[in-house]
């Protein structure tokens, strides 16, 4: 049987060479004794050991994850942790026992998690239908641990959220669907913790979650993502970001499908009403800012609306021309032809409507960036780059014919 297809139960049948690890000083004699008592015992026997001396076993498991890198052993210990937490989620508190206060019980776990994700991505590229056992087991453990508020704090402090992001993507196989569900479950648990929300708001988490519900037909996956979005809707600028990412249209599409889960249906209705409120609250310039800050520009009506530019031109001066600077940066960083074309057009509009537009854009060194795009392979990009350069050199009066 392919190792990647092993279940947790099969992983736990492995014989791990603990004596060899002690001989090479990778584990202590005390750790060896504890592991011998615990290894290949019944669930009831292990439960008693954890009740009697749980923190000691947690210390042993954490030390193994920190000091031993052999894949079979790491998977085995992760499976042991998964088993103990599945049997009794309250055992997550063992990781915070006073006797372990001098140790960082999560650093080895997260380091191991990061390595497993790297291994997972490499293996998936070679064999998409056979993800490694390490990542699903680690995520399963994490989904249980994050139910404890103190664990969420430790996870954020260790910058653990970034390890979840690569796993939030549409899934097709049964194994990958379960992994996606448990990853999104972790994000849902984090959505109740404000410091985590700050990270989620500034990362690519939101677009990834929305991509998942656009393509997923698995009800439990859609449910946990929609409940996460419901939690995030009222936090900071996330509601505006959801509008910008066209979540209202996605919600309408989801509502047209036949779901049986009442919590999901209620959450969809809540999102629909909440997003409508956000749309009402957003001024035209707020919507524009969100579009620019996300770096994905399209020909929405405000770009070509002279009234928008006349009424909002002074807003571009906020925070030392922040939005204008981001717009110019997009010319360097984006590979999307539509985004580049709109960015060039918007720069030409700024030059046209701001009394010092030409000087400001020149001082921000936009000219060189726009000139490079005059040789772009896309006709829409070159047309708007040329319009921008003409307005930069000649002014609006002599360049207006190019806009037609």
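The values are calculated or read from the model by the stated rules, or taken from the named source; none is laboratory data. Note that this is a predicted model, so its numbers are computed, not measured. Cβ coordinates were reconstructed from backbone atoms using ideal geometry, including for glycine residues, and neighbour counts include every protein chain displayed.
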| In the set 197, 177, which member is within 20 Å of residue 217 (Cβ to Cβ) and assigned to a helix (DSSP H, G or I)? | 177
| said: Taking the conditions exactly as written (modelled with pLDDT of 85 or more and in the same structural domain as residue 81 (by TED's automatic domain parsing)), does residue 146 satisfy them or not? | reply: yes
| Within segment 280-298, can you find the residues that are loosely packed, with under 14 Cβ neighbours inside 10 Å and within 27 Å of the chain's Cα centre (by Cα)? | 281, 298
| query | What is the one condition in (1) modelled with pLDDT of 90 or more; (2) touching a helix residue (DSSP H, G or I) at 6+ places or on another chain (Cβ under 7 Å) that residue 286 does not satisfy? | reply | (1)
| query | Which residues, counting only those in segment 305-324, are free of Cβ contacts under 8 Å to residues at least 40 places away in the same chain and surrounded by 14 or more Cβ atoms within 10 Å (Cβ to Cβ)? | reply | 305, 308, 311, 312, 315, 316, 317, 322, 323
| message | Going residue by residue through segment 390-403, is there one that turns out to be surrounded by 14 or more Cβ atoms within 10 Å (Cβ to Cβ) and either more than 22 Å from residue 305 (Cβ to Cβ) or at pLDDT 95 or above (or both)? | response | no
| field | Matching option when the condition is within 17 Å of the chain's Cα centre (by Cα), assigned to a helix (DSSP H, G or I) and surrounded by 14 or more Cβ atoms within 10 Å (Cβ to Cβ), among 223, 208 | value | 208
